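This report refers to the structure that appears directly beneath it.
The values are calculated or read from the model by the stated rules, or taken from the named source; none is laboratory data. This is a predicted model, so every value here is computed, not measured. Here Cβ is always computed from backbone atoms with ideal geometry, including for glycine, and neighbour counts include all displayed protein chains.
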Amino acid sequence: MDEKSRPNILFIIIDATRADHFSAYGYPRLTTPNMDRIASEGVLYENAISPAGWTLPATTSIFTGTYVAKHGVNNENHVLGNKLITMPEVLKRAGYHTIGFCTNDWISEATGLARGFNEYYRFNYSRFIHKAKRFLNSVRNGGKDSWAFAINQRIKRWLRQNKAEKPFFMFVHYGELHLPYQLPRPYNTRFLPEGMSYQEAMRVNQDPKAFYAGVAKMNQRDFEISKALYDCALTYVDDRVQEIYAELKRVGQLDQTIIIITSDHGESLGEHGHFDHYYVLYDCLLKVPLIIRYPQLFPAGTRIKKMVQTLDILPTLKEILGLFDPELNEMQGLALPPLDKNGEVREFTIAERYKDLKGLKKSYPDRDLAHLKQWELDRKIAIRTEKYKLIDSTDYEPELFDLENDPAEQHNIFYEQKPIAEELRQKITSWRGTFTAATSAGQEANFDDAMRKRLESLGYLG
């Protein structure tokens, strides 16, 4: 495909978003009518698995088409080295004008993930954003959001003014589903229990560190309220996505644009006694939405059950655009169906988690954290086939689940089915032998004070 005929690309990541809370995926609440409609005009992947449980490693996998163990960006290393090319870099080389709108400082110049953008806007501190947020709070909606309103104002302005002959790659990151929830009216009460005010709902703990340290107790009703706030946030973002869809249509670019909607990871909302996206690799953290709309190649109304991973997105763009950059040979992902022309079938998916307690200890230095000892320096890896999922751990009891009969991962059958677990372990060992790490451990991102404070406020860095 030559440069002039290449489609635009709108790539939306909605932070901390679970597939099973989309109404298109069967959720009983109508949370995503607009994205459901976009899915009906393209392909919805029913079993899209994130390769990691939090933003930095998961997004690095998406941007490089590689697993965490290969790109090496995790809790122990915060910076992507130069051995791997990123999605915006390769698209810029291919003649795209690359532009990013992002709310998360992990996806920034400091971590190497903002490489390759012609324009990159981090929506945390610019003068424009502060003005937009004041306007949002005081005039229009009477509440707060986490920058989606301001991002959309900037995107719509850019689309209206864009006169470039080049196709564009637009990366959009929405953060509304990440704790703490900040929502404008009327969204902030849409799914709350009858008679409950937003002020009452906001008294429920939204600090995962306080929860894990045992400072803030949460019962089942608290988690139900958290789930309701989460669904409110999802509905709000759904409307913001619709705004961009409508603007693409208005400027005559809708059918010339590949629209990709996904998430970096999911969210624990009380399942297995967990909150936010700490420590674990259960499906509430790993099964994410994945929707692609591009009528020329993705047949409307298609639902695909086979397992895919979000690191397959870059290989899919390579296939669509006919990219031949030799640095893309490092990718481990596969082209998504229906573009998997070589008939490659993913035998299993992989997700990884490295975690320590340094941040929690820094926040609660006098707190007894013995109940979390098993996660002190724990490294987890999850391998799943169509039927089974093994979560193996360096410091904690392994878990094996029969996903066909136990999709909620409630019954650990590791000791009943050790031969199956050992077979999956052998697959992990063989997989690890197929590559070497591209980035060495020990590099911390050079965040400025403002970025560090924001990440700390989101529960990172201690």
Count - residues of segment 19-53 that are in contact with a His (Cβ under 9 Å, 6 or more places away or on another chain) and surrounded by fewer than 24 Cβ atoms within 10 Å (Cβ to Cβ): 2
Residue identified as among the hydroxyl-bearing types (Ser, Thr, Tyr) and either closer than 27 Å to Glu347 by Cα or under 18 Å from the mean Cα position of the chain (by Cα) (or both) among Ser50, Ser5: Ser50
Failed criterion for Arg303 (all others in (1) touching a residue at least 12 places away in the same chain (Cβ under 8 Å); (2) surrounded by fewer than 22 Cβ atoms within 10 Å (Cβ to Cβ); (3) out of contact with any strand residue (DSSP E or B) (no Cβ under 6 Å at 6 or more places or on another chain) hold): (3)
Check on Glu247, farther than 17 Å from Leu285 by Cα, surrounded by fewer than 21 Cβ atoms within 10 Å (Cβ to Cβ) and either in contact with a helix residue (DSSP H, G or I) (Cβ under 7 Å, 6 or more places away or on another chain) or of a type in the set (A, V, I, L, M, F, W, C) (or both): yes
Matching residues, segment 385-405, being closer than 17 Å to Met307 by Cβ and surrounded by fewer than 16 Cβ atoms within 10 Å (Cβ to Cβ): Glu386, Lys387, Glu404
Residue tally, condition of a type in the set (Lys, Arg) and either more than 26 Å from Leu334 (Cβ to Cβ) or in a loop (DSSP other than H, G, I, E, B) (or both), over segment 87-116: 1
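If you check Glu176, Glu194, which single one turns out to be out of contact with any His (no Cβ under 7 Å at 6 or more places or on another chain), outside any helix (DSSP H, G or I), under 22 Å from Thr235 (Cβ atoms) and in contact (Cβ under 8 Å) with a residue 60 or more places away in the chain? Before the answer, list the steps.
Working: Glu194 fails: in contact (Cβ under 8 Å) with a residue 60 or more places away in the chain.
Just a single option satisfies the conditions, and that option is Glu176.
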Helices (runs of 4 or more DSSP H) enclosed by segment 28-86 - at least 2 residues per element that are touching a helix residue (DSSP H, G or I) at 6+ places or on another chain (Cβ under 6 Å) and more than 24 Å from Thr302 (Cα to Cα): 55-64, 68-71
Residues of segment 220-267 classified as more than 18 Å from Thr31 (Cβ to Cβ) and among the hydroxyl-bearing types (Ser, Thr, Tyr), total: 1
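Got at least one residue in segment 212-235 being under 22 Å from Val172 (Cβ atoms), of a type in the set (Asp, Glu), in contact (Cβ under 8 Å) with a residue 12 or more places away in the chain and touching a strand residue (DSSP E or B) at 6+ places or on another chain (Cβ under 6 Å)?
Looking through segment 212-235, none of the residues is under 22 Å from Val172 (Cβ atoms), of a type in the set (Asp, Glu), in contact (Cβ under 8 Å) with a residue 12 or more places away in the chain and touching a strand residue (DSSP E or B) at 6+ places or on another chain (Cβ under 6 Å).
For (1) modelled with pLDDT of 95 or more; (2) part of a loop (DSSP other than H, G, I, E, B); (3) hydroxyl-bearing (Ser, Thr, Tyr); (4) within 26 Å of the chain's Cα centre (by Cα), each residue gets a yes or a no:
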| position | (1), (2), (3), (4) |
| --- | --- |
| Lys144 | no, yes, no, yes |
| Phe149 | no, no, no, yes |
| Lys163 | no, yes, no, no |
| Phe171 | yes, no, no, yes |
| Lys209 | no, no, no, yes |
| Val237 | yes, no, no, yes |
| Ile244 | yes, no, no, yes |
Residue match in segment 13-24 (condition: closer than 18 Å to Asp264 by Cβ, assigned to a helix (DSSP H, G or I), acidic (Asp, Glu) and out of contact with any Ser or Thr (no Cβ under 8 Å at 6 or more places or on another chain)): yes
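Could you tell me which of the residues Ser363, Ser393, Ser430 is at pLDDT below 90, within 23 Å of Lys70 (Cβ to Cβ) and among the small types (Gly, Ala, Ser)? Spell out how you get there, then give the answer.
Values: Ser363 fails: within 23 Å of Lys70 (Cβ to Cβ); Ser430 fails: at pLDDT below 90.
Going through Ser363, Ser393, Ser430 in turn, the sole match is Ser393.
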